[in-house]
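Coordinate-derived values only; no laboratory data. Given the structure is predicted, the values throughout are model-derived calculations rather than measurements. Every residue, glycine as well, gets a Cβ built from its backbone with ideal geometry; the counts of neighbours run over all protein chains shown.
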Amino acid sequence: LNAEGKCYLMMNVSRCSLDDIRTIIPGMGGPTIMDVASSADMVAVHAVVDEEMVYQLINRLKQAGARDILVMNIERLIR
């Protein structure tokens, strides 16, 4: 039931755009941020967001510099 209405976003972002991205997708306690192995300037950002907002979020994320955006369904969400 926790997963209902949620989806998982993954994207690559340059470090200089990271603060803007964090304001757009706070996630569940904050987005997960990891280094991208092929680039010192890029990080991967993962977050759980409301499914009904995903298309609006994608537009805002792209404007803030996100690229390679993936949207995935969540089968289970355990808190």
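Between residue 40 and residue 76, what length in nm is gained on full extension when 0.36 nm per residue of separation is reduced by their alpha carbon distance?
Between residue 40 and residue 76, full extension yields 9.7 nm more.
If you take the alpha carbon radius of gyration of the chain and divide it by 2.2 N^0.38 Å, what ratio comes out, to two decimals? Working shown, then result.
Working: Rg = 12.2 Å, N = 79, 2.2 N^0.38 = 11.6 Å.
Normalised by 2.2 N^0.38 Å, the Cα Rg of the chain equals 1.06.
Most fluctuating residue of 42, 34, 11 in a GNM of the chain with Cα springs under 10 Å: which is it?
Result for the chain, Cα springs under 10 Å: 34 fluctuates most.
How do 6, 62 rank when sorted from fewest to most other Cβ atoms within 10 Å of their own Cβ? Please list the in-between numbers first.
Values: 6 16, 62 12.
In order of increasing Cβ crowding within 10 Å: 62, 6.
Sequence-distant or interchain residues sharing an amide H contact under 5 Å with residue 6, placed H: which?
Distant-sequence amide H within range of residue 6: 51.
Which residue fluctuates the most in the chain, going by a Gaussian network model with Cα springs under 10 Å, if the choices are 37, 64, 47?
Result: 37 has the largest fluctuation of those listed.
With springs only between Cα atoms under 10 Å apart, run a GNM on the chain and tell me which of 24, 33, 58 wobbles the most.
Largest GNM mean-square fluctuation: 24.
Angle, helix 54-63 long axis vs. longest principal axis of the chain, Cα atoms, 0 to 90°, nearest 10?
10
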